[in-house]
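Okay, structure first, notes after.
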Amino acid sequence: MAAPPDSGPQSKEPESPNPDPEPYEEIEEDEENEEDEDFEHEEGEEPKTMTPEARIRKDRANMEALFKRLSTERVPVRVHDVIIKGNTKTKDSLIESKVEAVFRDATSFQQLLRAASVANTRLQELDIFDSVNITLDAGPPELPGTANIVIEVTEAKNPLTGDFGIYSKPEARSWSLEGSLKLKNLFGHGDLWDGSVAYGWGQTSEVSTGVSIPRFKGISTPLSARISLLSQDWLKFSSYKEQALGLSLGLLSTGNHDLSYNLSWRTLTDPSQMSSHTVRRQLGHSLVSALKYGFKIDRRDSPMRPTRGYAFVSTTQIGGLFPDLRSLRFIRQELDLRYAIPLGFYRAALNFGISGGVVFPWGNGALSAPSYLPERFFMGGNSSPVCSLRGPTSVLGFKARGLGPAEPRRLVRDNSNDGSSSDSGIDHIGGDLAVTAFADLSFDLPLRVFRDAGIHGHIFACTGSLNKLTENAYKGFSLQKFRDSFRSSAGFGVIIPTKLFRMEVNYCYILKQQEHDQGKTGVQFSFSSPL
């Protein structure tokens, strides 16, 4: 941000250590017209007698006096006009909507500087400009104590961009490849059109397209819409495949609040014909119509390696708002809390976190009915609990969906003459009440080459509990049963950040597990997005 010498109001002459000071405005006027020889003659003989070095010293002294005044005194000023330059396609109304409220509340030069910084950040977040420059200029001479805001933007030369990345998700078995294309600012409203494809090895694939508009005409809140086709293979873990054709509408996204409506047609199938009783009862088609509200505060200094600050996320989802008998009725609530404490040596920090969630049907006889299988909580996988704010899912040391309630699959008849049966394994069916917690101590490694690359170590401990409440299971639930349901693990590892992904190499030791849990002591690898 450039702040030229005539950017602030001059309510009085600044104090200068120079014994022969001139008003700041006159100095600037001399500089702007120094190429006009006639003008110098009109100013008198003093400019002729001053050497170039003396003039430079004089200008520097006046400038230092001005900056000293601006930094130590409250200089009243108000915004006279906002001037926008450089936008050939982007509507002026979009830029004005992002900066108007910020500059309207500024009543001093210091506040104006802070407002300019906030406005610059907001315009950059639109992701449609290559650069944004904000200059504070003096207002009209007949209006002392005013300033003009000059916003000069450079629109993106190439509106079409693409991204490619490797990601890890809590529900994923390992990792996935994701690619997307974005078309920016097609109609000048800051609109972003995108299409994306995601493929996870043997498990998840998704094709989606959408549009987001930060401001459209008189509607002040951002709007977004997205259509997606999702396919997930849970045969190895829970004996079913899921396909979902969905529409998502973003209704509100301001500050810490986010409100959206989701409508999807889901189909659960079991090609293996071996699913457990709980899974078989939910096979077929279902309509999910849900309103989702999220509240998020993240005051950590980094989402990937936090060393101080806290974060809180609350997500509430209410399903069954569509007037159709096949529309599933449920309420799902998730909470996440993170806190990081710096220790003051080797950039060490202690991170604590706790997550909780509950899901249950609503309506007549709700608690005697089963909750919808894809909306239940599942635990396990190698996703870092420090980085993720996605509810109670991650417990290191356990395989994906490898923790919690389970049921045996159908028995498979052998083709041998004795007609005996063989065990076909188990299905993890998830739970209605989930709680996880962790503690993580991160620290720099002693070698400088590791510190420069961002490679660091950590020691961790995790625990989690998953229980069933629906189908009248809550009647047999007790504090003792809840306490006994916790599984736990501990370990240490090395974290390697790269441009494509964040990799963790951890040694996990299982402290406690139950009969059907799939936990394993040993070395594990995990990958997550560096963003």
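The values are calculated or read from the model by the stated rules, or taken from the named source; none is laboratory data. Computed from a predicted structure; not experimentally measured. Ideal geometry is used to build each Cβ from the backbone, glycine not excepted, and the neighbour counts take in all protein chains shown. Quick note on the areas: whole protein, heavy atoms, side chains included, nothing else; ligands and nucleic acids left out. Shrake-Rupley method; radii C 1.70, N 1.55, O 1.52, S 1.80 Å.
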Handout entry: Answer residue from segment 70-100, given it is at pLDDT below 80 and in a helix (DSSP H, G or I) and is surrounded by the most Cβ atoms within 10 Å (Cβ to Cβ) among those
Key = Leu70
Practice task
Return yes or no: is Gly454 in contact with a Pro (Cβ under 6 Å, 6 or more places away or on another chain), of a type outside the set (Phe, Trp, Tyr) and surrounded by fewer than 18 Cβ atoms within 10 Å (Cβ to Cβ)?
Solution key: yes
Handout entry: Within segment 355-380, tally of residues that are surrounded by 16 or more Cβ atoms within 10 Å (Cβ to Cβ) and either assigned to a helix (DSSP H, G or I) or in contact with an Asp or Glu (Cβ under 8 Å, 6 or more places away or on another chain) (or both)
Key = 16
Practice task
Say whether the condition of being touching a strand residue (DSSP E or B) at 6+ places or on another chain (Cβ under 6 Å), among the aliphatic types (A, V, I, L, M) and at pLDDT 85 or above is met by at least one residue in segment 170-178.
Solution key: no
Handout entry: Filtered residue count, segment 334-344, keeping only those that are touching a strand residue (DSSP E or B) at 6+ places or on another chain (Cβ under 8 Å) and part of a loop (DSSP other than H, G, I, E, B)
Key = 1
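How many of the residues making up segment 249-284 are among the basic types (Lys, Arg) and either open to solvent by 70 Å² or more (accessible area, probe 1.4 Å) or under 18 Å from Ile213 (Cα atoms) (or both)?
2
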Practice task
Can you run down the residue pairs with Cβ atoms below 6 Å, 6 or more apart or on separate chains, where the first is in segment 363-381 and farther than 19 Å from Val279 by Cα and the partner is aromatic (Phe, Trp, Tyr)?
Solution key: Gly380/Phe398
Completion exercise
Listed by first then second residue, the pairs whose first member lies in segment 82-98 and is within 18 Å of Val118 (Cα to Cα), whose partner is exposed (fewer than 14 other Cβ atoms within 10 Å of the Cβ), with beta carbons under 6 Å and at least 6 positions apart or on separate chains, are Ile84/Asp92
Completion exercise
When segment 106-137 is checked residue by residue, the ones that are part of a helix (DSSP H, G or I) and more than 19 Å from the chain's Cα centre (by Cα) are Phe109, Gln110, Gln111, Leu112, Leu113, Arg114, Ala115, Ala116, Ser117, Ala119, Asn120
Fill in the blank from the handout: The number of residues in segment 228-246 that are under 13 Å from Pro374 (Cβ atoms) and of a type in the set (Lys, Arg) is 1
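From Lys468, Lys475, grab the single residue that is surrounded by fewer than 17 Cβ atoms within 10 Å (Cβ to Cβ) and closer than 25 Å to Gly357 by Cα.
Lys475
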Fill in the blank from the handout: For segment 309-327, the count of residues that are of a type outside the set (Val, Ile, Thr), out of contact with any Lys or Arg (no Cβ under 7 Å at 6 or more places or on another chain) and open to solvent by 30 Å² or more (accessible area, probe 1.4 Å) equals 7
